[in-house]
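Written below as structure tokens is the structure these notes are about.
Each value in this text was obtained by applying a stated rule to the coordinates, not by laboratory testing. Small disclaimer: the values here were computed from a predicted structure and weren't measured. Positions of Cβ are generated from backbone atoms using ideal geometry, with glycine treated the same way; all protein chains shown enter the neighbour counts.
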Amino acid sequence: MTGISEILVLVFLILVILILPRLFKPAPEKPLNRPSKAARLRPGMRAGIILTLVWPVVTALYWQPWQQNPVPFLSFGILPVFLSWSLVWIFAGRKK
């Protein structure tokens, strides 16, 4: 008789541990209506991103670093972009 009672206890424990919590799971939370990351960008930030892409291309076409010395291109094409975004990053950190 003890064999049947032990099996019933195991079945009861399985029901309590595995199945019962699934029956009482909480209601799913409603998703928040947040604007996408692109929608939260300010116009100045968008202009900065476009200038980041356009400025090195224009300076590369002007200085032609693949034919001549690449130092002017690095000085006037890449370095200003790097310094500008560094300043944006520093001032954004100060605002917070």
Q) Which FRET efficiency, nearest 0.05, do residue 24 and residue 92 yield, Cβ-Cβ r, R0 30 Å? A) 0.10
Q) Per-residue ellipticity at 222 nm for the chain, helices alone: DSSP H runs ≥ 4 residues times -39500 (n - 2.57), over residue total, nearest 500 deg cm²/dmol? A) -18500 deg cm²/dmol
Q) With the Cα gyration tensor of the range 41-96 giving a ≥ b ≥ c as the square roots of its eigenvalues, does the rule (a/c under 1.5 for rounded; else a/b larger than b/c for prolate; else oblate) give rounded, prolate or oblate? A) oblate
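Only Lys, Arg, Asp and Glu count, each charged at its Cβ (+1, +1, -1, -1), so figure out the dipole size of the chain about its Cα centre, rounded to 20 debye. If you can, show how the numbers build up before the last one.
Values: 11 positive and 2 negative charges, 118 e Å.
Dipole about the Cα centre, nearest 20: 560 debye.
If you scale each eigenvalue of the Cα gyration tensor by 5 and take the root, what three semi-axes come out for the chain, rounded to whole angstrom and sorted largest first? Walk me through the numbers before you get to the answer.
On the way: eigenvalues 864, 79, 33 Å².
Over the Cα atoms of the chain, the ellipsoid semi-axes are 66, 20, 13 Å.
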Q. Along the charge dipole of the chain, Cβ charges K/R +1 and D/E -1, which of 56, 26, 5 sits furthest on the positive end?
A. 56
